[in-house]
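K.L.:
Can you read through this structure? Questions will come right after.
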Amino acid sequence: MRGLVLKKQADLFTVLLGDQFVTTVARKVLKKDGIFVGDYVFLDEDDAIFKIDKRKNVLIRPPVANIDRMFIVVAPVPKADLYTVDKMILFCKLNAIEPIICINKKDLNEEYCKNVENIYKKIAKTMIFSSFDDSVMKLKNQIKGICVLAGQSAVGKSSIINALKKEEVAKVDTFSKKIERGKQTTRTVQLFEFGKGNYLADTAGFSKLDERLLDIREDEIKSYYPEFLTFAEKCKYKSCAHLTDKDCGVVKAVKNGEISKERYENYLKLYQAVKNIKRY
């Protein structure tokens, strides 16, 4: 029998088989391979998982497989780490995942939210809302297939789940003013159903995404910055990496305010980080 893993907690898995929920374990032979929420698995006559179906993609942190859409959640508090956001967007594009930028907590600083929206609105679908009013419901229509909420701790991922479900089904992270980042309370990963075949995962927060998870060479990264493309045609050399201002159309566009300075600086940082990775 083939089913979908909805929840993983320690060595126990909740699997959806047709219209039934089964709590089960995995055969020992599978434990070292790892079973993720979002995996399609096969159960034997004892309802134990003995095989994992082929994955189309997998995200290690948060640990979810077969993702269709990733809602990258940022907020004014804690302040958004846009470098990590850019890495997540690149990861999505490399793994056939649609990234959607979700800017939460507009009630705290709407101007900041609009500034972030202006940076990304030509890069990916963006939306501004607050999980404390009806504006968050616009997200519900975007849940198609297996979706995941990804973002720093305390940006409001669990609050979004609770608001969409209209009940408290997920624990809410807290924010520490002293260290200016969230205190993580989500310990498990779980898929919540939003209509037949549509799921949203509540996940543990992340503070960074290791560049080694990006299967890409540094000279390929520029192709995943769509705002570069038009201006790259003005570069003197086709192989231009857009690192210096000499005869580079992209650098000139940044200086003229036609390309986001934040995005460009993140590109330079990412280019160097990927370049420094030793691949054997």
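The values are calculated or read from the model by the stated rules, or taken from the named source; none is laboratory data. This is a predicted model, so every value here is computed, not measured. Don't worry about glycine lacking a Cβ; one is built from the backbone with ideal geometry, like all the others, and counts go over all protein chains shown.
K.L.:
Looking at (1) touching a Gly at 6+ places or on another chain (Cβ under 6 Å); (2) modelled with pLDDT of 90 or more, find the lone condition where residue 152 falls short.
P.N.:
Only one criterion in (1) touching a Gly at 6+ places or on another chain (Cβ under 6 Å); (2) modelled with pLDDT of 90 or more is unmet by residue 152, namely (2).
K.L.:
Restricting attention to the stretch 118-139, report how many residues are surrounded by 15 or more Cβ atoms within 10 Å (Cβ to Cβ), in a helix (DSSP H, G or I) and not β-branched (Val, Ile, Thr).
P.N.:
3
K.L.:
Still on this structure, please answer the following. Might you check whether a residue that is part of a loop (DSSP other than H, G, I, E, B), under 16 Å from the mean Cα position of the chain (by Cα) and modelled with pLDDT under 85 occurs anywhere in the stretch 166-178?
P.N.:
no
K.L.:
Please count how many residues of the stretch 93-105 are outside any helix (DSSP H, G or I) and either of a type in the set (A, V, I, L, M, F, W, C) or closer than 17 Å to residue 142 by Cβ (or both).
P.N.:
Here is the first cut: in the stretch 93-105, the residues outside any helix (DSSP H, G or I) are 95-105.
From what is left, the residues that are either of a type in the set (A, V, I, L, M, F, W, C) or closer than 17 Å to residue 142 by Cβ (or both) are 96-104.
Qualifying residue count for the region: 9.
K.L.:
Which pairs do you get when a residue that is under 14 Å from residue 88 (Cβ atoms), found in the stretch 254-275, comes within reach of a residue that is among the hydrophobic types (A, V, I, L, M, F, W, C) and surrounded by 14 or more Cβ atoms within 10 Å (Cβ to Cβ), reach meaning Cβ atoms under 8 angstrom, with the pair 6+ apart or on two chains?
P.N.:
Note: pairs meeting the criteria are 263/82; 263/119; 263/123; 266/82; 270/90; 270/221.
K.L.:
Sticking with this one: Is there a residue being modelled with pLDDT under 95, touching a helix residue (DSSP H, G or I) at 6+ places or on another chain (Cβ under 7 Å) and over 30 Å from residue 60 (Cα atoms) anywhere in the stretch 245-256?
P.N.:
yes
K.L.:
Residue check: is residue 103 touching an Asp or Glu at 6+ places or on another chain (Cβ under 7 Å), of a type in the set (A, V, I, L, M) and in contact (Cβ under 8 Å) with a residue 24 or more places away in the chain? Reasoning before the result, please.
P.N.:
Details: touching an Asp or Glu at 6+ places or on another chain (Cβ under 7 Å): yes; of a type in the set (A, V, I, L, M): yes; in contact (Cβ under 8 Å) with a residue 24 or more places away in the chain: yes.
Yes; evaluated as a whole, the condition is true for this residue.
K.L.:
While we're here: Mind listing just one residue for me: the one in the stretch 53-69 that is at pLDDT below 95 and of a type in the set (A, V, I, L, M, F, W, C) and, of those, surrounded by the fewest Cβ atoms within 10 Å (Cβ to Cβ)?
P.N.:
Top of the filtered list is 60.
K.L.:
May I pose another question? Could you list, in sequence order, the residues of the stretch 1-44 that are in contact with a Phe, Trp or Tyr (Cβ under 9 Å, 6 or more places away or on another chain) and exposed (fewer than 12 other Cβ atoms within 10 Å of the Cβ)?
P.N.:
Selection gives 23, 29.
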